[in-house]
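As structure tokens, the structure follows; a few thoughts come after it.
The values are calculated or read from the model by the stated rules, or taken from the named source; none is laboratory data. None of the values given here were measured: they were computed from a predicted structure. Cβ placement follows ideal geometry from the backbone for every residue including glycine, while neighbour counts extend to all protein chains displayed. Remember, those area values only see protein heavy atoms, side chains included, never the ligands or the DNA or RNA. Shrake-Rupley method; radii C 1.70, N 1.55, O 1.52, S 1.80 Å.
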Amino acid sequence: MQLETATILEHRDYGAGYRLLRLAAPQIAPQVQPGQFVHLRVPRLEGCVLRRPFSVYKAADGVLEVLYKAIGRGTAVLGAALAGEKISALGPLGHGFPLDLPAGRVPVLVAGGYGMAALYLLAKRLPLTGVVFVGGRSAPDILCVEEFEKLGWKVRIATEDGSRGVCGLVTGPLEAWLAEGRGQGMPEFFACGPNGLLEVVGQRALAGDWRAWLSVDRHMCCGVGACLTCVVKLKDSDGAWVWARSCKEGPVFECRQIHWDRAEEEA
Amino acid sequence: MTPDLSITLAGIRLKNPVMVASGTFGYGPEYADLVDLSQLGAMVVKGISLEPWRGNQTPRTVEVASGLINAIGLQNPGAEGFLQTYLPFLRQFDVPVIVNIWGRTVEEYAAVAARLSAAEGIAALELNVSCPNIKEGSKSFGSNADMFKRVIAATRAVTKLPLIPKLAPDVFRVAEFARQAEAEGADALAITNSVPAMAVDLETRRPKLANITGGLSGPAIKPIAVRLVWEAAKAVKIPIIGMGGIYTAADAAEFFIVGASAVAVGTANFMEPAAALQVAAGLRDYLARHQLGSIRDLVGTLTC
Ligand SMILES: Cc1cc2nc3c(=O)[nH]c(=O)nc-3n(C[C@H](O)[C@H](O)[C@H](O)COP(=O)(O)OP(=O)(O)OC[C@H]3O[C@@H](n4cnc5c(N)ncnc54)[C@H](O)[C@@H]3O)c2cc1C
Ligand SMILES: Cc1cc2nc3c(=O)[nH]c(=O)nc-3n(C[C@H](O)[C@H](O)[C@H](O)COP(=O)(O)O)c2cc1C
Ligand code: FES
């Protein structure tokens, strides 16, 4: 974990309403593991007191890439940062995805929203290729398909309006693939996306007695484990639960660890 | 000559007068890779109760205009957990450790104070009588003069460690609480805690915090805190640790001028982990520019 003044190398539209931010961050970049994130101080963001967390999309040769969507004030103001500007980055933060798959497993990635960006580095660093399921509302929401295909991964798409891939939720093509025989192996799931998607993937993995590594999305203040904002409930030994910090022990948890709390609305 | 930042506060020697505020810097390990803890004026750890406490449900914080509302609810590992896991870690550093404590009853305050006093390596106890996020009573300790007095008296009776009551911002006359604390044997005062506040989601028309209300911190509360410190400083002789929205040396200087002897940096740590060290360095420059030899020469120099 380091605090580094990075330099913006490139900042441009990436399609699907996303922007690509490339940073020279020679201290942080070599340390990044798939699923970890960086906490960025948005330049010229007045009246805000927090950094903004983003998954690392690519990390190589001292360069970090982030893919983000403008959804509020911080990400809108970030959009105005120019190449050549400095940006303070804190990272890499959290615990990412495991890379040591037991023999005979087929890696199955499931993404929604910025999930494709967060899972790309995993696809690149896993010792074998597998299949990626990606869902979105409409064709333009689907990110990075070609990037995964270039790495040799199969990509299955679902859109709610049917404008690209199968019509419906990403669970449609996922179930079909599982029924087809799932590429002769035991699936090991890795998912990043809205909390609803994570829960569905987690339940499916439990039902099949498979493992699912889920990257949860929680609001964060410090990003380093100090403030206890980002906590999630994990199962305790005796049926009770304990808090874990998603910025520190997470954001990736195995679905068996998570205590799903339906009565309570999570942010 | 470089100006002297060192101070002695409640008998504790500090290298500089800039601490980190309770709840914003964890228990030490969280920021230790980023900040040399030995360079902090003091490390004030997150509130500790006798037994472990889970705190509130989520969402626990929300960012608002120039501030943050938090309702963490004082989640903590309890006195034993702190003593076993964190105090040994903190003792590796050359920094005074101030432990912020709280309880749900007067007896609980006294019990946690007594337990921590038996340990080696704690410089002082900060009494959180003002957290807006505990429903079962802590609130009333800070705004009810009688309860306030009883908590200080009960903890005073069980510890020789310096006692630093942390005053609530939402009291009618802060000077009276300050005098009361001094009379009960407090060694210093911390002013102030976060300000009771809330925020509403317009789409769902629900509160943005699971706890409904929380405490506002950050730049939004600085003017409120400066005024509270000024009022209290006029009323008592014991030193005051000023806090509320300090990001820069300029923010901190305001607190010293109205009478604070030390300051704490809280919410700013989330943006800049080394904010406290930057504030200390900036204060040294400020003193040099104003030809003051020591930070002590700045305290209470307001001219009205
Ligand atoms: C571990 C992690 C990885 C992430 N990776 C990416 C990524 O790769 N690409 C991407 O586009 N987005 C990512 N996000 C979401 C991103 O952090 C938010 O979109 C961003 O913080 C919104 O800031 P804002 O000021 O524009 O929104 P506002 O709604 O104005 O922000 C107000 C506050 O809420 C917080 N907030 C709002 N939405 C979210 C959210 N979904 N998650 C966490 N905090 C939120 C903000 O940080 C800020 O503190 C990630 C979030 C987490 C927790
Ligand atoms: C996330 C968070 C947690 C806090 N936890 C505590 C606590 O446990 N005990 C306490 O006395 N004050 C706590 N505080 C209050 C701070 O110590 C400080 O008094 C307040 O935030 C004002 O300073 P600031 O504006 O610099 O943050 C907390 C504040 C924040 C933001
Ligand atoms: S964001 Fe502060 S503990 Fe996770």
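Being in contact (Cβ under 8 Å) with a residue 12 or more places away in the chain, in contact with a Cys (Cβ under 8 Å, 6 or more places away or on another chain), near ligand 3 (Cβ under 7 Å from one of its atoms) and facing chain B (nearest Cβ under 7 Å) is the filter here, so list the residues in region A:212-228 that pass it.
Result: A:CYS221, A:CYS222, A:VAL224, A:GLY225.
Look through region A:61-77, keep the residues that are more than 26 Å from B:THR267 (Cβ to Cβ) and at pLDDT 95 or above, and return whichever of them is nearest to the other protein chains (Cβ to nearest Cβ). Working first, answer last.
Residues of region A:61-77 that are more than 26 Å from B:THR267 (Cβ to Cβ), as a first pass: A:61-65, A:67, A:69.
Now drop any that are not at pLDDT 95 or above, which leaves A:61-65, A:67.
On the way: A:ASP61: 24, A:GLY62: 20, A:VAL63: 22, A:LEU64: 18, A:GLU65: 23, A:LEU67: 23 Å.
The qualifying residue nearest to the other protein chains (Cβ to nearest Cβ) is A:LEU64.
Taking B:GLY259 as meeting all but one of (1) farther than 17 Å from B:ILE240 by Cβ; (2) within 19 Å of the chain's Cα centre (by Cα); (3) not in a helix (DSSP H, G or I), write down the number of the exception.
Against the list (1) farther than 17 Å from B:ILE240 by Cβ; (2) within 19 Å of the chain's Cα centre (by Cα); (3) not in a helix (DSSP H, G or I), B:GLY259 comes up short only on (1).
I want to confirm something. Restricting to region A:218-255 and keeping residues that are of a type in the set (D, E, K, R) and either within 16 Å of ligand 1 (Cβ to nearest atom) or open to solvent by less than 40 Å² (accessible area, probe 1.4 Å) (or both), which single residue is farthest from the chain's Cα centre (by Cα)?
Going residue by residue through region A:218-255, those that are of a type in the set (D, E, K, R) are A:218, A:233, A:235-236, A:238, A:245, A:248-249, A:254.
Pick out the ones that are also either within 16 Å of ligand 1 (Cβ to nearest atom) or open to solvent by less than 40 Å² (accessible area, probe 1.4 Å) (or both) and you get A:218, A:233, A:245, A:248-249, A:254.
On the way: A:ARG218: 12, A:LYS233: 19, A:ARG245: 16, A:LYS248: 15, A:GLU249: 15, A:GLU254: 14 Å.
Looking at residues that are of a type in the set (D, E, K, R) and either within 16 Å of ligand 1 (Cβ to nearest atom) or open to solvent by less than 40 Å² (accessible area, probe 1.4 Å) (or both), I get A:LYS233.
Filter region A:49-60 for residues that are open to solvent by less than 10 Å² (accessible area, probe 1.4 Å) and touching a residue at least 60 places away in the same chain (Cβ under 8 Å); which is nearest to the other protein chains (Cβ to nearest Cβ)? Reasoning before the result, please.
Initial filter on region A:49-60 (open to solvent by less than 10 Å² (accessible area, probe 1.4 Å)): A:49, A:51, A:56-57.
Those left that are additionally touching a residue at least 60 places away in the same chain (Cβ under 8 Å): A:51, A:56-57.
Numbers: A:ARG51: 6, A:VAL56: 18, A:TYR57: 24 Å.
Checking each candidate, the answer is A:ARG51.
Look through region A:33-48, keep the residues that are at negative phi and crowded, with 23+ Cβ neighbours inside 10 Å, and return whichever of them is farthest from ligand 1 (Cβ to nearest atom). Walk me through how you get there before you give the answer.
From region A:33-48, those at negative phi are A:33-34, A:36-43, A:45-46, A:48; that's our starting set.
Retained after the next criterion (residues that are crowded, with 23+ Cβ neighbours inside 10 Å): A:34, A:36-40.
On the way: A:PRO34: 12, A:GLN36: 9, A:PHE37: 4, A:VAL38: 9, A:HIS39: 9, A:LEU40: 9 Å.
Within region A:33-48, the match that is farthest from ligand 1 (Cβ to nearest atom) is A:PRO34.
When you scan region B:72-81, do you find a residue that is small (Gly, Ala, Ser), within 18 Å of the chain's Cα centre (by Cα) and assigned to a loop (DSSP other than H, G, I, E, B), even just one?
First, pick out the residues of region B:72-81 that are small (Gly, Ala, Ser): B:73, B:78-79, B:81.
Still in the list and also within 18 Å of the chain's Cα centre (by Cα): B:73.
Now restrict to residues that are assigned to a loop (DSSP other than H, G, I, E, B): B:73.
Yes, there is a match, as at least one residue in region B:72-81 is small (Gly, Ala, Ser), within 18 Å of the chain's Cα centre (by Cα) and assigned to a loop (DSSP other than H, G, I, E, B).
Conditions (1) out of contact with any Pro (no Cβ under 7 Å at 6 or more places or on another chain); (2) open to solvent by less than 30 Å² (accessible area, probe 1.4 Å), marked per residue:
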residue	(1), (2)
B:VAL20	yes, yes
B:ILE48	yes, yes
B:PRO52	no, no
B:SER66	no, no
B:ILE69	yes, yes
B:GLN84	yes, no
B:ARG91	yes, no
B:PRO96	yes, yes
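Which one of these does A:LYS150 not meet: (1) open to solvent by 10 Å² or more (accessible area, probe 1.4 Å); (2) touching a residue at least 24 places away in the same chain (Cβ under 8 Å); (3) more than 18 Å from the chain's Cα centre (by Cα)?
Among (1) open to solvent by 10 Å² or more (accessible area, probe 1.4 Å); (2) touching a residue at least 24 places away in the same chain (Cβ under 8 Å); (3) more than 18 Å from the chain's Cα centre (by Cα), A:LYS150 violates only (2).
To keep it simple, each residue is scored yes or no on (1) surrounded by fewer than 24 Cβ atoms within 10 Å (Cβ to Cβ); (2) in a loop (DSSP other than H, G, I, E, B).
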{"residue": "A:GLY84", "(1), (2)": "yes, yes"}
{"residue": "A:ALA89", "(1), (2)": "no, no"}
{"residue": "A:ALA103", "(1), (2)": "yes, yes"}
{"residue": "A:ALA118", "(1), (2)": "no, no"}
{"residue": "A:THR129", "(1), (2)": "yes, yes"}
{"residue": "A:VAL132", "(1), (2)": "no, no"}
{"residue": "A:PRO140", "(1), (2)": "yes, no"}
{"residue": "A:ARG156", "(1), (2)": "yes, no"}
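Among the listed residues A:GLU85, A:GLU10, A:GLU46, A:GLU4, identify the single one that is acidic (Asp, Glu), at pLDDT below 95 and over 15 Å from the mean Cα position of the chain (by Cα). Talk me through it step by step, then tell me what you get.
Values: A:GLU85 fails: at pLDDT below 95; A:GLU10 fails: at pLDDT below 95; A:GLU4 fails: at pLDDT below 95.
Every option except A:GLU46 fails the conditions.
Does B:GLU254 fit the bill of being within 16 Å of ligand 1 (Cβ to nearest atom) and either more than 23 Å from B:VAL95 (Cα to Cα) or among the charged types (D, E, K, R) (or both)? Can you show your working first?
Values: within 16 Å of ligand 1 (Cβ to nearest atom): no; either more than 23 Å from B:VAL95 (Cα to Cα) or among the charged types (D, E, K, R) (or both): yes.
Spelling it out, it is not the case that B:GLU254 is within 16 Å of ligand 1 (Cβ to nearest atom) and either more than 23 Å from B:VAL95 (Cα to Cα) or among the charged types (D, E, K, R) (or both).
May I ask you to say which residue of B:GLY28, B:GLY23 is within 13 Å of ligand 2 (Cβ to nearest atom), in contact (Cβ under 8 Å) with a residue 60 or more places away in the chain and in a loop (DSSP other than H, G, I, E, B)? Spell out how you get there, then give the answer.
Working: B:GLY28 fails: within 13 Å of ligand 2 (Cβ to nearest atom).
Exactly one of B:GLY28, B:GLY23 is within 13 Å of ligand 2 (Cβ to nearest atom), in contact (Cβ under 8 Å) with a residue 60 or more places away in the chain and in a loop (DSSP other than H, G, I, E, B), namely B:GLY23.
Name the single residue, out of those in region B:98-149 being crowded, with 23+ Cβ neighbours inside 10 Å and hydroxyl-bearing (Ser, Thr, Tyr), that is modelled with the highest pLDDT.
Among those that are crowded, with 23+ Cβ neighbours inside 10 Å and hydroxyl-bearing (Ser, Thr, Tyr), it is B:TYR109.
If the requirement is being buried (at least 23 other Cβ atoms within 10 Å of the Cβ) and either among the acidic types (Asp, Glu) or touching a Gly at 6+ places or on another chain (Cβ under 9 Å) (or both), which of these qualifies: B:ALA178, B:ALA199, B:ALA190, B:ALA153?
B:ALA190
If I filter region A:197-217 down to residues being within 13 Å of ligand 1 (Cβ to nearest atom) and either among the charged types (D, E, K, R) or farther than 12 Å from A:VAL110 by Cα (or both), which single residue comes out as most open to solvent (accessible area, probe 1.4 Å)?
A:ASP217
I need the full set of residues from region A:87-139 which are of a type in the set (A, V, I, L, M), within 14 Å of chain B (Cβ to nearest Cβ) and out of contact with any Gly (no Cβ under 9 Å at 6 or more places or on another chain), in order please.
A:ILE87, A:ALA89
Among the residues of region B:279-295, are any closer than 14 Å to B:VAL18 by Cα, part of a strand (DSSP E or B) and touching a Phe, Trp or Tyr at 6+ places or on another chain (Cβ under 8 Å)?
The answer is no; no qualifying residue exists.
Tell me which residues, restricted to region A:193-208, are out of contact with any strand residue (DSSP E or B) (no Cβ under 7 Å at 6 or more places or on another chain) and hydrophobic (A, V, I, L, M, F, W, C). Full working, then the answer.
Of region A:193-208, the ones out of contact with any strand residue (DSSP E or B) (no Cβ under 7 Å at 6 or more places or on another chain) are A:195-196, A:199-200, A:203-204, A:206-208.
Scanning region A:193-208 gives A:VAL200, A:LEU206, A:ALA207.
Hey, among the residues in region A:61-75 that are open to solvent by 30 Å² or more (accessible area, probe 1.4 Å) and within 7 Å of ligand 1 (Cβ to nearest atom), which one's nearest to A:MET116 (Cα to Cα)?
Filtering first and then ranking leaves A:LYS69.
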